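See below for the structure under consideration.
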Amino acid sequence: METTKAASKLSSLLSGGDAFILDDLPANFTIGCDTTSFNSAKPFPGFRDIPPGAHLIWVAPSESTSSRSGCWIYTPNKDNVQLRRVYVKQWNQFDEVLGDPANPVEEQAQNESLEQKFDRLSPYNLRAASTESSHKLALPQGDEIPPDLLGDQNIWYQLTFAIQPNLLNRIIGQTQDIWHVSTTDGVAGDNASANEAQLYATATSRLRFTFPMDARLINPDATGAERTRQALDPTEWVIQKLEGPNGDNRPEDLTGDLQFSFLVGMHLGNFSCIEQWFYLTTELVFRSYSLTIDRPQQARSLIQTFHAQLLYNNRYLQGDILDLMPEHARKLRLALTTYKTRLDENLRGLGDLSTPDQLAVSIVFSSLESWLLRLGWDLRGDYVRLGNVMLEDGEMVEAELSDFEDEDERGEFAPTIVEMENGKEAGLLSWDS
């Protein structure tokens with residue numbers, strides 16, 4: 001009888017949400033799990049009842065420590081007969097990182113001793129909804145912030161729904177069921193200086209996004225007018241990259257990259273990921289104007305994700321991503337201004353032929369635009385339309401200046417027409433004899 005009760009109890013323990021055990025973690029550590037972070041005066045054992053989806057768990061020796069070590073896990077939906085998965089990570093005191101247990105049989109031993117440890121594990125605080133459809137957001141109306149966008153059941157899903165195992169495998173380069181990340185991870189294609197590279201010489205990996213920062217956003221086979229169109233609006237190249245028959249990417253991978261770079265950047269303090277996030281928003285998400293017409297559901301998903309990230313940053317995180325890199329933030333504001341104008345033009349051009357999905361893009365962007373007013377970002381206004389711009393390979397094309405110029409081209413910074421004389425502006429003082 002006792003054996004039957006013990007077996008029944010163990011079966012109950014092994015069913016339900018997954019568990020994450022932090023082995024040998026010292027006292028006085030800062031621990032983070034998704035939207036929650038806290039300081040633990042005692043050694044923290046881990047979490048239990050982790051719901052389906054992607055989850056980011058990280059630790060740091062103290063709240064003020066600049067280096068953090070973490071792991072992504074992905075918990076699939078389970079039926080009633082599937083057992084809970086127990087993840088085990090051990091704190092490496094020498095390297096100050098989370099790693100695999102030193103003893104190969106440690107993880108199996110932790111699974112077998114779960115009955116003794118289970119009650120000491122902290123329950124995952126955010127209750128997961130039973131189905132994915134319950135997470136989908138209703139379209140916001142007017143200037144209101146969607147009431148469910150920051151709810152416990154919605155916010156983490158909205159920040160991670162496109163982060164899948166295949167995407168984690170590609171970005172991190174580890175084909176397994178737990179993926180390590182840290183503050184010092186570099187990003188392939190970033191512009192880190194030699195001093196930064198030396199400072200982060202201990203970086204263990206290079207994160208590889210679908211669109212690296214040093215990649216040209218033009219199909220190398222494109223020529224003539226098509227090449228110029230892609231230089232001004234990379235939508236077609238983005239679609240080819242994500243949906244091409246010869247690749248292993250998915251249409252939602254751009255959203256996944258945006259989500260990954262934001263969360264690792266802000267939660268782990270990884271500045272390379274923050275730079276990647278700015279690159280994605282300014283050069284891809286809000287420059288792919290035709291995506292609103294050709295792939296409206298994808299455009300809507302990207303806008304909602306971006307909006308959720310700003311809301312989450314504003315309410316839950318210390319420090320503002322827009323303050324970390326002011327120059328990039330200014331470029332983002334210009335990109336959003338241009339995007340609004342192009343979106344309005346595209347929908348006016350379609351008129352009554354606009355589909356519900358295309359109109360939905362306008363609705364979610366209007367909600368974002370209203371929220372940005374609290375930052376002092378007014379996206380209304382005109383911008384300079386045409387000018388000559390040099391592309392990456394030196395070719396000059398007539399282009400929308402607001403998509404490329406470094407200065408704000410409205411108000412006091414608006415460019416003016418000047419008279420040229422012998423290659424110089426006429427009327428300038430000269431000190432030459």
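The values are calculated or read from the model by the stated rules, or taken from the named source; none is laboratory data. A quick note: this is a predicted structure, and the numbers were derived from the prediction, not measured. Every residue, glycine as well, gets a Cβ built from its backbone with ideal geometry; the counts of neighbours run over all protein chains shown.
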Original post:
How many residues are in contact with a helix residue (DSSP H, G or I) (Cβ under 8 Å, 6 or more places away or on another chain) and either under 27 Å from Thr184 (Cβ atoms) or modelled with pLDDT under 85 (or both) if we restrict to segment 73-86?
Top reply: 3
Original post:
In segment 52-66, what count of residues is obtained for those that are closer than 21 Å to Phe260 by Cβ and at pLDDT below 90?
Top reply: 1
Original post:
Thr228 passes all but one of (1) on the phi > 0 side of the Ramachandran plot; (2) more than 17 Å from the chain's Cα centre (by Cα); which number fails?
Top reply: (1)
**OP:** For Gly70, work out the one condition from (1) touching a helix residue (DSSP H, G or I) at 6+ places or on another chain (Cβ under 8 Å); (2) over 22 Å from Asp100 (Cα atoms); (3) small (Gly, Ala, Ser) it doesn't fulfil.
**Re:** (2)
Original post:
Within segment 229-300, which helices (runs of 4 or more DSSP H) (wholly inside it) include 1 or more residues that are farther than 23 Å from Arg333 by Cα and of a type in the set (D, E, K, R)?
Top reply: 235-243, 253-267, 291-294
Original post:
Name the pairs: first residue in segment 232-259 and under 26 Å from Asn270 (Cα atoms), second residue acidic (Asp, Glu) and surrounded by fewer than 17 Cβ atoms within 10 Å (Cβ to Cβ), Cβ to Cβ under 8 Å, at least 6 apart or on different chains?
Top reply: Asn249/Glu243; Pro251/Glu243
Original post:
What is the residue count in segment 345-365 for residues that are free of Cβ contacts under 8 Å to residues at least 12 places away in the same chain and assigned to a helix (DSSP H, G or I)?
Top reply: 7
Subject >> Some residue of segment 320-330 being surrounded by 21 or more Cβ atoms within 10 Å (Cβ to Cβ) and under 24 Å from Asp344 (Cα atoms) >> reply: no
**OP:** Report yes if some residue within segment 334-341 is assigned to a loop (DSSP other than H, G, I, E, B), at pLDDT 60 or above and more than 30 Å from Leu268 (Cβ to Cβ); otherwise report no.
**Re:** no
**OP:** May I ask you to verify whether Ser37 is of a type outside the set (A, V, I, L, M, F, W, C), in a strand (DSSP E or B), under 23 Å from the mean Cα position of the chain (by Cα) and at pLDDT below 95?
**Re:** yes
Original post:
Scanning segment 165-202 for residues that are over 19 Å from Val97 (Cβ atoms) and hydrophobic (A, V, I, L, M, F, W, C), which turns out modelled with the highest pLDDT?
Top reply: Leu167
Subject >> Subset tally (residues that are assigned to a loop (DSSP other than H, G, I, E, B) and either under 26 Å from Leu258 (Cα atoms) or not assigned by TED's automatic domain parsing to the domain that holds Thr282 (or both)) for segment 206-228 >> reply: 13
